[in-house]
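The next block holds one structure in the form of structure tokens; read it before the comments.
The values are calculated or read from the model by the stated rules, or taken from the named source; none is laboratory data. A quick note: this is a predicted structure, and the numbers were derived from the prediction, not measured. So basically every Cβ, Gly included, is an ideal-geometry build from the backbone, and we count neighbours across all protein chains shown.
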Amino acid sequence: MLGTMAFALLGGDAFAQNTAPAADPTPVAEAAAAGPESAYSSDEYIASDGYSTFAVNNLWICIAAALVFIMHLGFATLECGLTQKKNTVNILFKNVWIISTGILLYAAWGFNAMYPGDFNGFFAMGSWFGGNLNDASLTTAEYNAGYTWWGDFIFQSMFAATAATIVSGAVAERVKLPTFMLFAVILVGFAYPITGSWKWGGGWLDAKGFYDFAGSSIVHAFGGFAALACVLILGPRAGKYTKSGVRPILGHSLPLAAIGVFLLFLGWFGFNGGSALSADPKAVSYVFTTTALAACAGAVASIFVSWIIIKKPDLSMALNGILAGLVGITAGADTVGEGSAILIGLIAGVIVVFSILFFDKIKIDDPVGAISVHGVCGIWGTVAVGIFSFNPEHKFFTQLLGTLSMSAFAFIFAFAVFFILKLLMGVRVSAEEEAEGLDVAEHGAPAYNLN
Amino acid sequence: MLGTMAFALLGGDAFAQNTAPAADPTPVAEAAAAGPESAYSSDEYIASDGYSTFAVNNLWICIAAALVFIMHLGFATLECGLTQKKNTVNILFKNVWIISTGILLYAAWGFNAMYPGDFNGFFAMGSWFGGNLNDASLTTAEYNAGYTWWGDFIFQSMFAATAATIVSGAVAERVKLPTFMLFAVILVGFAYPITGSWKWGGGWLDAKGFYDFAGSSIVHAFGGFAALACVLILGPRAGKYTKSGVRPILGHSLPLAAIGVFLLFLGWFGFNGGSALSADPKAVSYVFTTTALAACAGAVASIFVSWIIIKKPDLSMALNGILAGLVGITAGADTVGEGSAILIGLIAGVIVVFSILFFDKIKIDDPVGAISVHGVCGIWGTVAVGIFSFNPEHKFFTQLLGTLSMSAFAFIFAFAVFFILKLLMGVRVSAEEEAEGLDVAEHGAPAYNLN
Amino acid sequence: MLGTMAFALLGGDAFAQNTAPAADPTPVAEAAAAGPESAYSSDEYIASDGYSTFAVNNLWICIAAALVFIMHLGFATLECGLTQKKNTVNILFKNVWIISTGILLYAAWGFNAMYPGDFNGFFAMGSWFGGNLNDASLTTAEYNAGYTWWGDFIFQSMFAATAATIVSGAVAERVKLPTFMLFAVILVGFAYPITGSWKWGGGWLDAKGFYDFAGSSIVHAFGGFAALACVLILGPRAGKYTKSGVRPILGHSLPLAAIGVFLLFLGWFGFNGGSALSADPKAVSYVFTTTALAACAGAVASIFVSWIIIKKPDLSMALNGILAGLVGITAGADTVGEGSAILIGLIAGVIVVFSILFFDKIKIDDPVGAISVHGVCGIWGTVAVGIFSFNPEHKFFTQLLGTLSMSAFAFIFAFAVFFILKLLMGVRVSAEEEAEGLDVAEHGAPAYNLN
């Protein structure tokens, strides 16, 4: 049956983030010739007509970076919309902090640590940020057929900050601001490049044949399971789980939440489409199609499943269904058929509803459903490659090993760091501050003045 | 006078959606050589420098698809902003449903039914969705000089869902959710590809020389007159038309409405610009210019006309003026002069004010002005091609015939289907639900929690 | 120390807005061969592979124009968010007016007046808008290697309207609508092209070697000091400066403000990236990187400085820090090192906090901080080129002369025009209207109906 789902066949992992070459200028030629994955885009392109192909490739990477950037606004508004009015300033402030420090830290260390993944394949230690503009090996196809050194950096840096943004949603409404700021910096600046290098940096998982096109595991499961660790330490929001059962804490603005999800959907065209790492017409257009199909299927599945279970057409479940489909297709957007993309999205849309209800049942309080959307669906998307991929080299157990390794690392790392921070400075605001709301308590001003 | 308005002359319909080739792989070569319309972009491009030109063309189609996607957020926020707070969840839910099912249905049937328009030119019945990635005739300029099969699909699918979105605004605040969901599916999945195929699929209107560059009729008038049919069956919102006259029902958030219109303006650069169906520098830059000029002229006209009539500077009229200008220029963005574009926009901006006031006077209740903006201005834009076009082959009466045919089909089809749905399941919520608001009544939760 | 900051070296002003050629078709060949600045992009590109390179260049200019367009939504939502609820319709209306008339006026006069800067280099008087599509010298690399005549127009027109938008924020909540509408038209339509032509039109500042890559002075300082003049004439909002000290007037929606800043950040990739005036991979990717680094550094600096001074983590300062960094890097995004970009952003982030506090102290009431963000940081960014540029031809005193000349011109021009308008029609609403709010008083309807 899965065979009939796979309408199309790709010749191989023609395009994927793992073709990203070394940030370190030296081993570029090596990386460009490294294997079957990078061969396609490089050779074919350069052979065709040189400069202009390079220009269009690099332009797409830059535009894709801008699209991924706007996902950060999507995350911010989604998180605000699904939480209480009184914590809105706090959430926006966290998100400004995450994107700002995320890009700076990725420049300072992450980019060079993530690629190419020397140091025994566990993490790299590249040269200090700052390419020389006069060095033609950074600005031509000699560096990579798809982008310059700076195109590479700006695109990858937008991904890096995402991990902390995912955590931000799960810990919202009760986390202590300075603690979270420090935690975000450590997670994005230090942990993300490590697991990233396992695959995209050419590390041990890459060597095993693990596949994660645009980051179902590397970005999403990573963020989702880091979030789970933090939530376990932090505990639920006051009043959520009472003796008389779960008391839903409603979001304060569903239009904000919907704006967030639509912006995330938009940005995902850059997240996945840009992960083709070139403007290869086949790759980009195909990835756009599978991405959109999975997102739509996720929404439809969540709508119907939640309607059956909750007995009403639930908007926040529909919105999370879109995200579930997007996270689900991210690992295999270039390597599964159109029908498989729809099926992956549908299953993700079902999973996310049950997962959100499950975590609520076991009293793990995740205000925006980040653990389910990014963590659980990230694992699903990664193993789905092992089920639906055209490429027989994508093995189910390798996919499972990869996603569990990354999720486990994220969970353990986040748990350890957040636990130490708890001992050192505390992770949770006082009960009074939580009741008053973080906006007035920590920031001294409300988000709205509507009277 | 019109002659002096037309500052520039195009050699022909060099670029337009009707150069879209068959989705069915077989007749591609045929379509590429089909006539003067496709000749320009294909031959000239391929001759120039092959692969890289194809890559930039396809990239633009994909980016344009992303821009059209964000119009769906624009429609959603505009509709929310211009309606009452208590129906916001319902509107957002409808819009998630429309985009999700719209793309899936277009994959399942619409795309292949719309192109190339066999079956006597009335509607096609192409092959099941799912192109084979290994088939080079789908991923190279052999398919089309401007895009791959998937680029074609993703761009066109974003258009398809728009028809139902237009209806959504007109029936807001009182339509029954399951009925609307079913209606939207039938309209997008079945009716839109039929009229679309008349022109873009190479059907009977195309054979007659009808011209509709990016869909003033195919998308906008189609949606607007389907909306009119539904509103006639549905009736006005309770309390709108009283014995003592029209009681305005104010929108609950003009910032949301403004966000919507600016996002629609942004997305229209993809809607019109992408309809050049290539990155042809002349075509894309020219269409961007005429599109922006008409939008701005529409706003200025609406501002002054409404100021004179209503005696105040009315924001929602200014916003609708932008949209009127955009809808007006859509049919001829590549085939009229800059001055003509401004004039088309100005007239659209005048029309929309009078049209909105007219429909209110005859008690046709359209909360967002969708019938006027998309229906009436869609007709205006289409016939304006017959007045202002450089191309002497664009005849006024053919334009009139085309737009009236499509509008009539949309009206009759929507009327029939919505009427049957009324008999089968009802189309309107109960008076109690309408008074309470659909958010709590149908979805069980309010959109805002601001206290 | 600055030397070690400048990690990279550019060969010259390879890419910059001042390579923009004449809008007048005649002197194009001349402009293309005009000097070292235009030589790079033109010759190298055309030589490489002709048509497809031209197509990707022009596509980027068009997409960049769309990105700059969305900055207008960013400005609108930022201004709304930081002001009171009762003036929201007024602000949105002003912003619709500015973009609409801005583009039309730039078509009617500005574009031809700004380029190429004949008439003794003070202002030009080009031909009436309306290029001939059949004139190949407007649609090929013969016009410019980076774009067609229309690509040039649409990109530049989006910049033009920005000047008035900056003023709009500073005069918000008390300016008389018709007066502002007239002022905006005069500023955008007449004054902006004059100072613009001094540099980008090849005028006297260009001849002196002044450098302003994407408009720290030409757009931002110009707008900021025009704003200062208007605010001086207009006076502070009622109740802001009382005998008992400054009474903060809180913005009504920080989510709107944050949406605005993120959209501005997004649009700035087009504002700066598009100012490379081609898709040159080195230029675009490098400018994206410096732009993002400076914005992030600005945010981090503002967060810490304001936290120290105001003793709390202030969201609006963090948001203004992003903008300060963006304005700061705009003049030199292509000509300073990565480390310098970070430093420029950090300093801008410090400056903006002190500047906002300073203007409040001297009772100059600027609701959104526009004078500080655009005016003061615009000057900083321009002189920063004289400090950090790779290019030894960029002299500190020339930069200072240029930015002060433009700021002074903007200030004097705006002061004179606004003063005359004050005498002719008044510039300020009545105390009653101000207390009631402009939405109901001038527009007859509130922005929100949330009950």
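Numbers at a glance
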| quantity | calculated |
| --- | --- |
| Condition met for residue C:263 (more than 10 Å from every other protein chain (Cβ to nearest Cβ) and in contact (Cβ under 8 Å) with a residue 60 or more places away in the chain) | no |
| Number of positions in region A:251-302 that are in contact with a strand residue (DSSP E or B) (Cβ under 7 Å, 6 or more places away or on another chain) and assigned to a helix (DSSP H, G or I) | 0 |
| Selection within region A:273-293 - more than 19 Å from the chain's Cα centre (by Cα) and of a type in the set (Phe, Trp, Tyr) | A:286 |
| Lone qualifier among A:301, A:297, A:283, A:292 - being in contact with a helix residue (DSSP H, G or I) (Cβ under 9 Å, 6 or more places away or on another chain) and closer than 26 Å to residue C:262 by Cα | A:292 |
| Residues that are more than 10 Å from every other protein chain (Cβ to nearest Cβ) and among the polar types (S, T, N, Q), drawn from region B:84-111 | B:87 |
| Residue count for region C:344-385, restricted to those that are farther than 19 Å from residue C:408 by Cα, part of a helix (DSSP H, G or I) and in contact with a helix residue (DSSP H, G or I) (Cβ under 9 Å, 6 or more places away or on another chain) | 15 |
| Residue match in region B:126-135 (condition: aliphatic (A, V, I, L, M), at negative phi and modelled with pLDDT of 90 or more) | no |
| Looking only at region A:199-212, and only at residues there that are of a type in the set (D, E, K, R) and assigned to a loop (DSSP other than H, G, I, E, B), the one that is surrounded by the most Cβ atoms within 10 Å (Cβ to Cβ) | A:212 |
| Subset of region A:419-433 [out of contact with any helix residue (DSSP H, G or I) (no Cβ under 8 Å at 6 or more places or on another chain) and touching a residue at least 12 places away in the same chain (Cβ under 8 Å)] | A:431 |
| Out of B:310, B:329, sole residue that is within 12 Å of another protein chain (Cβ to nearest Cβ) and aliphatic (A, V, I, L, M) | B:310 |
| Among the candidates A:371, A:322, residue that is within 20 Å of residue A:400 (Cβ to Cβ) and in contact with a Phe, Trp or Tyr (Cβ under 8 Å, 6 or more places away or on another chain) | A:371 |
| Residue that is in contact (Cβ under 8 Å) with a residue 60 or more places away in the chain and small (Gly, Ala, Ser), where the choices are C:402, C:345, C:349 | C:402 |
| Exclusive hit being farther than 17 Å from residue C:66 by Cβ and hydrophobic (A, V, I, L, M, F, W, C), set B:329, B:249 | B:249 |
| Subset tally (residues that are among the aliphatic types (A, V, I, L, M) and more than 14 Å from residue A:380 (Cβ to Cβ)) for region A:303-332 | 10 |
| Residue match in region B:361-378 (condition: out of contact with any Pro (no Cβ under 8 Å at 6 or more places or on another chain) and surrounded by fewer than 18 Cβ atoms within 10 Å (Cβ to Cβ)) | yes |
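For (1) part of a helix (DSSP H, G or I); (2) within 14 Å of chain B (Cβ to nearest Cβ); (3) over 24 Å from residue A:81 (Cβ atoms); (4) not aliphatic (A, V, I, L, M), each residue gets a yes or a no:
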| site | (1), (2), (3), (4) |
| --- | --- |
| A:183 | yes, no, no, yes |
| A:189 | yes, no, yes, yes |
| A:197 | yes, no, yes, yes |
| A:214 | no, no, yes, no |
| A:219 | yes, no, no, no |
| A:224 | yes, no, no, yes |
| A:232 | yes, no, yes, no |
| A:237 | no, no, no, yes |
| A:249 | no, yes, no, no |
